[in-house]
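The values are calculated or read from the model by the stated rules, or taken from the named source; none is laboratory data. Everything quoted here is computed from the prediction, not taken from an experiment. Note that we place each Cβ from the backbone using ideal geometry, even for glycine, and neighbour counts take in every protein chain shown. With ligands, DNA and RNA removed, areas are computed over all heavy atoms of the protein, side chains included. Shrake-Rupley method; radii C 1.70, N 1.55, O 1.52, S 1.80 Å.
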Amino acid sequence: MLYGQNLPWRQALRHASRRSPNRIAISSYHTARLPSRCVCEVPARSLPRCAHPRRLNTLPSTLRSFSATTARRKDKPSDPPEPAPADEETTQRSKESKDETSISRDEAESEEAKTKTPDPIPSNNSADGAKGATAGGGSGSSGDSNSSSGEGRGKKRKAPSSSTQTPERSLTKPTIPEVYPQVMAIPITKRPLFPGWYKAITVRDPNVIAAIQEMVRRGQPYVGAFLLKDEKADKDTIDNVDEVYDVGTFCQITSKYDGASDQNGQTVVLYPHRRIRLTGLMSPNKEMEEKGEAKAAMATIEAVPEAEESKDSEKEGKEAKEEKKGDVVASFEESTAEAKEQQLQLAKRDESAEVQQQPSRYQPSSFLSSYNVSVVKVDNVTEEPYDSKDPNIRAFANETANVFREIAGTNPLFKDQIASFMASQGTRNVTEDPGRLADLAAAVCMGEPAELQEVLSAMNISERALRGLTLLKKELMSAQLQTKIAKEVEGSIHEKQRKYYLMEQYKAVGRELGYASDGKDKLIEKFKEKAAKLAMPDAVSKVFDEEVNKLGHLEPAASEFNVTRNYLDWLTQIPWGQRSAENFGIQHAMKVLDEDHHGLKDVKDRILEFIAVGKLRGTVEGKILCMVGPPGVGKTSIGKSIARALNRQYYRFSVGGLTDVAEIKGHRRTYVGALPGRIIQALKKCQTENPLVLIDEVDKIGRGHQGDPSSALLELLDPEQNNSFLDHYMDVPVDLSKVLFVCTANMTDTIPRPLLDRMEMIELSGYVADEKMAIAERYLSPQAKELSGLKDVDVQLEEDAIQELINKYCRESGVRNLKKQIEKVYRKSALKIIQDLGEEVLPEAEALTAEGKAAAAEAAKDESDVKETPQDIDKETTETPRVALKVPDTVHVSITKDNLKDYVGPPVFTTDRLYDTTPAGVAMGLAWTQMGGSALYVESILETALSHSSRPSLSPTGNLKAVMKESTAIAYSFSKSVLARQFPGNKFFEHARIHLHCPEGAVRKDGPSAGITMASSLLSLALDTPLDPTIAMTGELTVTGKVLRIGGLREKTVAARRAGAKMILFPKDNLSDWLELPENIKQEIEGKPVDWYSDVFETIFPDVDHEHCNDLWKQELKKPSKDNERSKESEDDD
């Protein structure tokens, strides 16, 4: 409760005057601002404790006169009047007396709770224009701080019967001190405070909170509010005057309460009264420098002269001087003229005495020195004088008022603020006070803190009005923009609502009249129109009618509606009965196939057969072809060529690593996001019933927890079943018998046998050197030259260079690696051309188009990281940023066998023949790999010297797998049987420790086709007879000597040719494969089929001497004599 509104005082005094004949006269020192005083008579025993900071001491039972206002130092008069004897005696007794009766705290608090505290009433000017003011804290309204301080409110009551008459009493209206040199400073953020406008702030510093509570308790609720320069700062004290702006506001604390969101903070409501300027900062906890200054004015109790209370008066007078500085008590005025005159004389006399005793100046904020808060020295800031009739000022004021009117029409918050301001102005015109109008503009605008501070600091009214008008104009523009945006959004919403309402009305009217239908009816009509153009089977047509009927009874908002609509969409997008016109011209097919691929006679013949049957029948059923061959031989590209030759639509998808059956058979329609399988999607894309579907990497299909896709392919690739293929999503039979399926694989080992049985196998062997040469010259070299930007440049890749690439760099069966090496040659050529010519001949500026130059300029300005996409990336990109540069005609580059190393580096392969002359125990076999064929040498050696006591063993090495290890054991057993039958005297295998090895141990080797090669190697070692290095062999061997059929004869023949072999031994069962080989492959190599190993033995050992071979190892295996054994044993003992 703020002092000056302490109504419990009035009520307590009123009750006391009615209860006892004994009276106490209360008086005090007055400031020059108060024109009159109030003297009340209160019985001492009935006086309750008030809520004022100063506690009244115990009063004697006698009547006493006292006063309670701020005792202020006044100028000493030149001739102080002498007080009357009665007044002197009364004053003396008042100084010597003190209350003995203690007023109960509970009674005072109870009385305070029963009394309503009125709102604070701020006032800058007293009614009589005096400079003084009481320290009582009033609070102003939101619109006016210039309220006059006239007579306080009072109630007339009947005067009690006493010697002293007090007919009428009233409470003085509190006033705001005009001069407050030292004040506690509170820094604020975001925006400054403007006089006349409340502001709630949160204080978290415990010292500041305690100081505010003490100021309110003392009745001095005044602080200075200054704006922090740093917007991010958040503190409650000022460490340096440079942290805040020097101009702030003198504020009164009107209320305080604990913050709900901040447990440690306190919310304080401030009411700014006037502008002040910060002149200095006093350090916290610093004692007042001027120790000689007067202590706080203290209330003096003037007692009525009675002899029996002289001793008490003496004691009370001493205690009254020891009271703290700054204490403030209530001030009352009595309306009687006699009392006023008497009190005035007493005041003058007491002031004279007080000045003599306390010559120092009084500081009301001195008690703050005990708190760690910011106490600053301030001066009042006065506005510069101005002429109210100045046309500029009047124009500013009128324009500000007009802008306020415009904003009030758009923002209700401004309307409330303006209404409050108008109410505070009363009958005055708003333009008569331009300074207040500018403060109002700054207070309600959301400007920058620096701009708002400029308004607060402006003492020139014209400048302040201009700054306030500028802020208000910005606020008006923002309000207008917000209103425009709101109207646009509202208009858009209203337009959509209007269209929707009209459309619904249109639909309703149309349905009533029968000439219009809603979106669902149009959708059904569209499906029926599409179905009418298709030749749906009866089963499909029945399902279609059922689904259309169901769609017609479903609401568009139902979830089943979208499911049914999507199903009908797929059902009508399958090309039922729609086929493309095939081209069965044989010559056309041959031309197309030869244009795209060189060689591949088997594939081309099979396609020509397919076309011939279709030409005679008029139609062809779908076939399932599977092309098996090493990588890079053109399996995938041949499928596209077949589609082009037959004039069929082409669709390709890979099943490598596929583990989900739904990719083949589709999802159930009950699942969210269900789709048909890839085959149905192929029909939708191609829009024909007879496309060519290429299923790539069928040998690498996976298997997971979602099923086995290879089993799902059984129905798809079976000519007897795919005429009624059932997809899980479509749930209707689809005829796929007219689809030509072409599958590709690198090997058949991983393809399930049931699936392999349903496909027609076409093996694509690797290309020989002649075929690679033709492919390089016709296809690879021109394509690589064009891709390197050398299409019109004289760069020649000579034939001998290509031959060198094939023999020394690219020995694989396919041509993929050969293509990479040719592209590398041309890229190196392009680099050499640019390096030799220099970039001056081919400047970068000529390569950029106009759009490219603009994009490059924007990119140069971009300094962001390349990993981050810039916001204006569209400015840095263009459709055609560059054009090709023309190389001068004087450039000539030729790549030959001699300078090929400069382009592709040293050769990778030197030769396939490890031995020009093979030693005994070495035989050249042939192996098939995924990259084609290769020569596989088998080497056998003796680990230890033969002796009569040595034991036989065989140690195979060379990364051999299970099947090849079995072939090794079979060959070893068979070799021993051959030696035992044909050369019984040769006991080599009975005592030899043999090590058999296949070179290139990093390469895994498996398969049975090396059987005759291993047997030949072992027999060569046993007979000590070298084999012909130009003979290569392949074939599986049984323990009886039968040579079984092998695979990959074409690749093995190519490998034998590459290794320099002149003859190749192969099983007789592969004679048909040999006859089908092209002549260019069989050229310069002889093929000899063998049925039994005896045929192989006669070929590789044509001139063997049986007697020599029979007696070959007898000397080494001879049993030593007993003397030799004894000597050998003695040597061992030594």
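Checking E663 against (1) under 39 Å from the mean Cα position of the chain (by Cα); (2) under 30 Å from V563 (Cα atoms); (3) surrounded by fewer than 17 Cβ atoms within 10 Å (Cβ to Cβ); (4) not aliphatic (A, V, I, L, M), which test does it fail?
(3)
How many residues does region 713-730 contain that are open to solvent by 10 Å² or more (accessible area, probe 1.4 Å), out of contact with any Ser or Thr (no Cβ under 8 Å at 6 or more places or on another chain) and more than 18 Å from I574 (Cβ to Cβ)?
4
Restricting the search to region 533-587, which residues are of a type in the set (G, A, S) and either farther than 20 Å from I679 by Cα or open to solvent by 50 Å² or more (accessible area, probe 1.4 Å) (or both)?
Result: A535, A539, S541, G552, A557, A558, S559, A581, G585.
Could you check how many residues of region 849-875 are touching a strand residue (DSSP E or B) at 6+ places or on another chain (Cβ under 6 Å) and either open to solvent by 60 Å² or more (accessible area, probe 1.4 Å) or not in a helix (DSSP H, G or I) (or both)?
Counting residues in region 849-875 that are touching a strand residue (DSSP E or B) at 6+ places or on another chain (Cβ under 6 Å) and either open to solvent by 60 Å² or more (accessible area, probe 1.4 Å) or not in a helix (DSSP H, G or I) (or both) gives 0.
Please work out which one of (1) open to solvent by less than 40 Å² (accessible area, probe 1.4 Å); (2) farther than 18 Å from A923 by Cβ is the condition T1034 fails and give its number.
(2)
If you scan region 1085-1114, which residues turn out to be free of Cβ contacts under 8 Å to residues at least 40 places away in the same chain, open to solvent by 90 Å² or more (accessible area, probe 1.4 Å) and touching a strand residue (DSSP E or B) at 6+ places or on another chain (Cβ under 8 Å)?
E1086, the sole residue that qualifies.
Within the bounds of region 590-606, is there any residue that is in contact with an Asp or Glu (Cβ under 8 Å, 6 or more places away or on another chain), crowded, with 19+ Cβ neighbours inside 10 Å and on the phi > 0 side of the Ramachandran plot?
Yes: one or more hits.
Sort through V891, V887 and tell me the only one that's buried (at least 18 other Cβ atoms within 10 Å of the Cβ) and either touching a helix residue (DSSP H, G or I) at 6+ places or on another chain (Cβ under 8 Å) or more than 30 Å from S1020 (Cβ to Cβ) (or both).
Exactly one residue qualifies, and that residue is V887.
Any residue at all in region 924-938 that's within 28 Å of A1061 (Cα to Cα), among the polar types (S, T, N, Q) and either at pLDDT 90 or above or part of a strand (DSSP E or B) (or both)?
yes
Answer yes or no as to whether P221 is surrounded by 16 or more Cβ atoms within 10 Å (Cβ to Cβ) and more than 26 Å from S366 (Cα to Cα).
no
Report every pair of residues separated by at least 6 positions or lying on different chains whose Cβ atoms are under 6 Å apart, first residue within region 684-701 and farther than 11 Å from A643 by Cβ and assigned to a helix (DSSP H, G or I), second aliphatic (A, V, I, L, M) and open to solvent by 30 Å² or more (accessible area, probe 1.4 Å).
These pairs meet every condition: D699/M747.
List pairs: first residue in region 627-656 and more than 21 Å from T748 (Cβ to Cβ), second residue among the charged types (D, E, K, R) and in a loop (DSSP other than H, G, I, E, B) anywhere in the structure, Cβ distance under 7 angstrom, at least six positions apart or on different chains.
If the second residue must be among the charged types (D, E, K, R) and in a loop (DSSP other than H, G, I, E, B), the pairs left are L646/E582; N647/E582; R648/E582.
Is it true that some residue in region 489-503 is within 30 Å of C445 (Cα to Cα) and among the hydrophobic types (A, V, I, L, M, F, W, C)?
Taking every residue of region 489-503 in turn, at least one turns out to be within 30 Å of C445 (Cα to Cα) and among the hydrophobic types (A, V, I, L, M, F, W, C).
Which one is farthest from E621 (Cα to Cα), of the residues in region 666-678 that are outside any helix (DSSP H, G or I) and open to solvent by 30 Å² or more (accessible area, probe 1.4 Å)?
Here the residue is V672.
For region 571-594, name all the residues that are of a type in the set (D, E, K, R), out of contact with any Ser or Thr (no Cβ under 7 Å at 6 or more places or on another chain) and touching a residue at least 24 places away in the same chain (Cβ under 8 Å).
E582 - this is the single residue of region 571-594 that is of a type in the set (D, E, K, R), out of contact with any Ser or Thr (no Cβ under 7 Å at 6 or more places or on another chain) and touching a residue at least 24 places away in the same chain (Cβ under 8 Å).
Take T911 and decide whether it is within 60 Å of the chain's Cα centre (by Cα), at pLDDT below 90 and farther than 18 Å from D1028 by Cα.
It is false that T911 is within 60 Å of the chain's Cα centre (by Cα), at pLDDT below 90 and farther than 18 Å from D1028 by Cα.
I'd like the residue in region 768-813 that is among the hydroxyl-bearing types (S, T, Y) and in contact with an Asp or Glu (Cβ under 9 Å, 6 or more places away or on another chain) and, out of all such residues, is surrounded by the most Cβ atoms within 10 Å (Cβ to Cβ).
Ranking the qualifying residues of region 768-813, first place goes to S813.
Identify the single condition in (1) farther than 30 Å from Q578 by Cβ; (2) modelled with pLDDT of 90 or more that D731 does not satisfy, given that it satisfies every other one.
(1)
Applying the selection to region 767-782, what residues are assigned to a helix (DSSP H, G or I), of a type outside the set (G, A, S) and in contact (Cβ under 8 Å) with a residue 24 or more places away in the chain?
Once the filter is applied, which keeps residues that are assigned to a helix (DSSP H, G or I), of a type outside the set (G, A, S) and in contact (Cβ under 8 Å) with a residue 24 or more places away in the chain, region 767-782 yields D770, E771, K772, M773, I775, E777, R778, Y779, L780.
Being aromatic (F, W, Y) and either closer than 14 Å to V633 by Cβ or open to solvent by 20 Å² or more (accessible area, probe 1.4 Å) (or both) is the filter here; which residues of region 732-767 pass it?
Hit for region 732-767 is Y767, nothing else.
Need the failing condition index for K487 against (1) outside any helix (DSSP H, G or I); (2) surrounded by fewer than 17 Cβ atoms within 10 Å (Cβ to Cβ), just the number.
All conditions pass for K487, except number (1).
So in region 965-1005, with the set limited to residues that are closer than 12 Å to W1113 by Cα and charged (D, E, K, R), which one is most open to solvent (accessible area, probe 1.4 Å)?
Across region 965-1005, the extreme among qualifying residues is E990.
So which of L942, L936, L1018 ends up being touching a residue at least 60 places away in the same chain (Cβ under 8 Å) and within 60 Å of the chain's Cα centre (by Cα)?
L936
Give the residues of region 1060-1081 that are open to solvent by less than 50 Å² (accessible area, probe 1.4 Å) and more than 20 Å from V1096 (Cα to Cα), sorted by residue number.
L1077, P1078, N1080, I1081
Exactly one condition in (1) farther than 17 Å from G1001 by Cα; (2) open to solvent by 20 Å² or more (accessible area, probe 1.4 Å); (3) assigned to a loop (DSSP other than H, G, I, E, B) is false for L914; which is it?
The one condition L914 does not meet is (1).
Taking the criterion of being among the hydroxyl-bearing types (S, T, Y), open to solvent by less than 10 Å² (accessible area, probe 1.4 Å) and over 60 Å from the mean Cα position of the chain (by Cα), would at least one residue in region 952-959 satisfy it?
no
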